[in-house]
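For reference, the structure is listed below as structure tokens.
Only the coordinates and a few stated rules stand behind these numbers; no lab work does. Worth saying up front: this structure is predicted, and the values here are computed from it rather than measured. Cβ placement follows ideal geometry from the backbone for every residue including glycine, while neighbour counts extend to all protein chains displayed.
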Amino acid sequence: MDEPQDTILGRLQDYGFKARLTSLEHIGSVGDELLSLMSQGLIGEEFYKSTFSRMGFDYATIMPRATSILVVASPQPMSTLYFEYQGKMHCVILPPTYVHRELYEKVKKALNAVLPQYGYDYKGVHLPLKMLAASTGLGMYGRNNICYVQGMGSFFGLSAFYTNIPCTSDSWTDKAMMPECVGCSLCIEACPTGSISAARSVIDASKCLTHFNERKDSFPVWIEPHWHNAIIGCMRCQLICPQNEGFLGKVEHEVTFDAAETSLLLEGKSPPELPDPLRAKLDQLCLVDWYSVLSRNLSSLLNRRSYGS
Ligand code: B12
Ligand code: SF4
Ligand code: SF4
């Protein structure tokens, strides 16, 4: 007879997710590895503090009865946004994972439908997700440091949950880079900021375009206007990757902003001042969460395009 773990993972697969279960005992080694990366200078101290100090390593306070960690990959294609500006329609990418509420709700719906039937429960937790996916064999790293899952390319969101599902067959394994990366350097060449390097396996996150366009500070002068390619984040190292070829045609949401809406966004009016239909569009796309950088990012993209650079 199948163990509960196999039945549950199979049921989640029927919902379109890929998932792995691992014992809670590995949580300490994830924390240790991050500390070691920091001591080797591969991740900065400030980045370590701001990103990982608020993560949920302390499982006892989150779910005292937890015995395992469930890592879930949920497919999510890009979305395309159309902005009417100066008499032209401009198509702009919203990369996978930013429409996060919808993604997370779908996973939770599946977990709620499956786990209680077998007498188990779960708690969502903020942990280093790529490390967990790679360490459970759910995915493999690309040279671009993005995680790839079979059948999804890199177009998916990851989430992790503490659970009390007994981990009878632990999926913990050595992390691996995709074999296809050997001899390939397309993402290195496509990265406008030089964040990816053949010499080190960890990207220089402090140079990544996403690092800058997700925060409010003005862009450093060395960032060329024509590098901007998405309303938030950057798609260059994923769009060029041959491993994503089969996943580029799908679009999750297509949303149009007319000239008046584009102009309100560029003005950076505060969300309560926006008309309800515009706020609803931003809300659906989870762009309300990124509102403080939206006007600057949109202006960088539209002006780059207007001047044709
Ligand atoms: C902080 C963060 C960022 C930072 C720093 C990124 C970074 N590389 O660390 C910034 C703002 C730059 C960023 C950018 C992006 N991010 Co981000 N980010 C995160 C966050 C919050 C933590 C990531 C983390 O743990 N970093 C720490 C480093 C040390 O972890 P790591 O990369 O896994 O480290 C290993 C590899 O570098 C590695 N390695 C690489 N190759 C190999 C090969 C072998 C064999 C081995 C052993 C190791 C190895 O060695 C390290 C240790 O093992 C997660 C969400 C979460 N809670 O996990 C999302 C997350 C990782 N981001 C995500 C995404 C989508 C992006 C962007 C693509 C966004 C976009 N479209 O613009 C870019 C991609 C940049 C890139 N090329 O990596 C997704 C990843 C989905 C996926 N398919 O991988 C996540 C999981 C969010 C989510 N909920 O889905 N991100
Ligand atoms: S572009 Fe090439 S090297 Fe980069 S992640 Fe894809 S297969 Fe690997
Ligand atoms: S997301 Fe963009 S800037 Fe960051 S590593 Fe990939 S190509 Fe480079």
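Placing +1 on the Cβ of each Lys and Arg and -1 on the Cβ of each Asp and Glu in the chain, which of VAL30, ALA110, HIS211 has its Cα farthest towards the positive end of the resulting dipole?
The listed residue farthest towards the positive side: HIS211.
Which ordering of LEU158, LEU264 is given by a fewest-first count of other beta-carbon atoms within 10 Å?
LEU264, LEU158
So what is the calculated 222 nm ellipticity per residue for the chain, using -39500 (n - 2.57) for each DSSP H run with n of 4 or more, over all residues, to the nearest 500 deg cm²/dmol?
Here the helix-only value at 222 nm equals -9500 deg cm²/dmol.
Placing +1 at every Lys and Arg Cβ and -1 at every Asp and Glu Cβ, with all other atoms neutral, what dipole size does the chain have around its Cα centre, in debye to the nearest 20?
Magnitude of the dipole: close to 320 debye.
First check a/c for the stretch 180-306, with a ≥ b ≥ c the square roots of the eigenvalues of its C-alpha gyration tensor; if it is under 1.5, answer rounded, and if not, answer prolate when a/b is larger than b/c or oblate otherwise.
Cα axes put the stretch 180-306 in the prolate bin.
Calculate, for SER185 and PHE47, the FRET efficiency according to 1/(1 + (r/R0)^6) with r their C-beta to C-beta distance and R0 25 Å; round to the nearest 0.05.
That pair, SER185 with PHE47, gives E of 0.50.
Mind ordering 32-41, 72-81 by average Cβ neighbours within 10 Å, highest first?
Sorting 32-41, 72-81 by mean packing, highest first, produces 72-81, 32-41.
Using Cβ counts within 10 Å as a stand-in for footprinting exposure, how do VAL255, VAL114 rank, fewest first?
VAL255, VAL114
Taking the dipole about the Cα centre of the stretch 180-306, with the C-beta of Lys and Arg at +1 and of Asp and Glu at -1, give me whichever of HIS253, PRO275, SER295 is farthest to the positive side.
The one lying farthest along the dipole's positive direction is SER295.
Hey, which lysines would be in cross-link range of LYS130, C-alpha to C-alpha under 26 Å, not counting anything within fewer than 8 residues on its own chain?
Cross-link targets: LYS18, LYS49, LYS106, LYS108, LYS109, LYS175, LYS207, LYS216, LYS250.
State to the nearest 20 debye the size of the charge dipole of the stretch 104-185 about its Cα centre, where the only charges are +1 on K and R beta carbons and -1 on D and E beta carbons.
With only Lys, Arg, Asp and Glu charged at Cβ, the dipole is about 220 debye.
Please identify, among ALA199, ALA260, ALA160, the residue showing maximal mean-square fluctuation in a Gaussian network model of the chain using a 10 angstrom Cα cutoff.
ALA199
Please give every one of the lysines within straight-line cross-link reach of LYS281, meaning a C-alpha to C-alpha distance under 17 Å, and leave out same-chain neighbours fewer than 8 residues apart.
LYS269
How far, in nm, would the chain grow between SER295 and GLU105 when pulled straight, counting 0.36 nm per residue and subtracting the alpha carbon separation?
65.6 nm
Would you list THR136, THR210 from fewest to most Cβ contacts within 10 Å?
Fewest-to-most Cβ neighbours within 10 Å comes out as THR210, THR136.
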